[in-house]
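Okay, so here's the structure we're looking at.
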Amino acid sequence: MVADGVETVEMRTALLRLRRATGLPVAFGGLLEGQRHVRIGELSGTGTPALCGLAVSAGAGLGGKAVALSRPCAVTDYSVSRHISHEYDSAVEAEGLRSVLAVPVVVRRRVRGVLYGALRIARPLGDRTLSAAVAAARDVEQALVVRDEVRSLLAAAREPVAGPGAWEQVREAHGALRGLAPRIADPALRAELLAVCGRLESATVPAAERSRPVRLAPREVDVLACVAAGVTNAVAAERLGVRPETVKGYLRSAMRKLGSHTRLEAVVAARRAGLLP
């Protein structure tokens, strides 16, 4: 598996967060390439290109040990540590690294990559530093989960609509995609996601049969998509990452624009206007 734009952006952001939270001057990392190797593709604070492109095998070196054990690992002095193998000593020494930690990125029990943090002096890395590194890895994990969900939903949304209950599946996929869109860091993937949403929204009602055009803000459509799925304001807020009061505000605004008096009327009006599937 080669890292795409989403993964690259999230990995870079996680490395910056790791450095800020831990005070470690150097951070680097990469994602799984194939079944057995992590390719180091992102560097932050390094002084040489020695680590860039390095392929770390499961079980080899510190990062490989973290992959094999699926848990964080650390050494106080990399080059003389007896707890790791030393296939990558030349690259580590070229960068002048001594104390190093490695945290696996684990999604659904499968290691997808590794984040490293390092010092150029030999000093034990405490629990606070390790916890901050784990938190940075969790950011990448969540981004990968979202990316996987988006790809699955996009694939489902492209399938032909047929059979009983098919439109309900389309509407569920639409609501899920609308909820995920604001969490996508990669602009190309977010644009693709919203384009698919647009096709789903216009699929049920031919243009000639739609009611008068209504302009709703993107978040108003997001809230209506949640309402159409039958969820409460609290659940909609959780999905969209906002407060329940904010959901109520968007819903009131959408209802006013659609000339509706109830949640159900608003959903029906939005579908007639081609705003929801």
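Of the residues in the stretch 191-214, none is surrounded by fewer than 20 Cβ atoms within 10 Å (Cβ to Cβ) and either at positive phi or at pLDDT 85 or above (or both).
Residue under question is Arg151, and the condition is that it be at pLDDT 95 or above, of a type in the set (Lys, Arg) and either closer than 18 Å to Leu15 by Cα or not in a loop (DSSP other than H, G, I, E, B) (or both); does it hold? For Arg151, the condition - at pLDDT 95 or above, of a type in the set (Lys, Arg) and either closer than 18 Å to Leu15 by Cα or not in a loop (DSSP other than H, G, I, E, B) (or both) - is not met. The single condition among (1) part of a loop (DSSP other than H, G, I, E, B); (2) within 30 Å of the chain's Cα centre (by Cα); (3) exposed (fewer than 14 other Cβ atoms within 10 Å of the Cβ); (4) not β-branched (Val, Ile, Thr) that Arg128 does not satisfy is (1).
For the stretch 60-75, the set of residues classified as part of a loop (DSSP other than H, G, I, E, B) and surrounded by fewer than 15 Cβ atoms within 10 Å (Cβ to Cβ) consists of Ser70, Arg71, listed by residue number. Scanning the stretch 41-57 for residues that are part of a loop (DSSP other than H, G, I, E, B), in contact (Cβ under 8 Å) with a residue 40 or more places away in the chain and either touching a strand residue (DSSP E or B) at 6+ places or on another chain (Cβ under 9 Å) or not assigned by TED's automatic domain parsing to the domain that holds Glu93 (or both) yields Thr46, Gly47, Leu51.
Filtered by the rule that a residue be under 23 Å from the mean Cα position of the chain (by Cα) and either among the acidic types (Asp, Glu) or under 18 Å from Ala91 (Cβ atoms) (or both), the stretch 62-80 gives Gly63, Ala66, Val67. When Glu10, Glu95, Glu33 are checked against the criterion of being acidic (Asp, Glu), touching a helix residue (DSSP H, G or I) at 6+ places or on another chain (Cβ under 7 Å) and assigned by TED's automatic domain parsing to the domain that holds Ala133, Glu10 stands alone in meeting it. Exactly one residue among Ala68, Ala102, Ala27 is modelled with pLDDT under 95, within 27 Å of Val146 (Cβ to Cβ) and hydrophobic (A, V, I, L, M, F, W, C), and that residue is Ala68. Among the residues of the stretch 249-277, those that are part of a helix (DSSP H, G or I) and surrounded by 19 or more Cβ atoms within 10 Å (Cβ to Cβ) comprise Tyr250, Leu251, Ala254, Met255, Leu258, Ala266, Val267, Ala269, Ala270, Arg271.
The values are calculated or read from the model by the stated rules, or taken from the named source; none is laboratory data. Computed from a prediction, not measured in an experiment: that's the story for all the values here. So basically every Cβ, Gly included, is an ideal-geometry build from the backbone, and we count neighbours across all protein chains shown.
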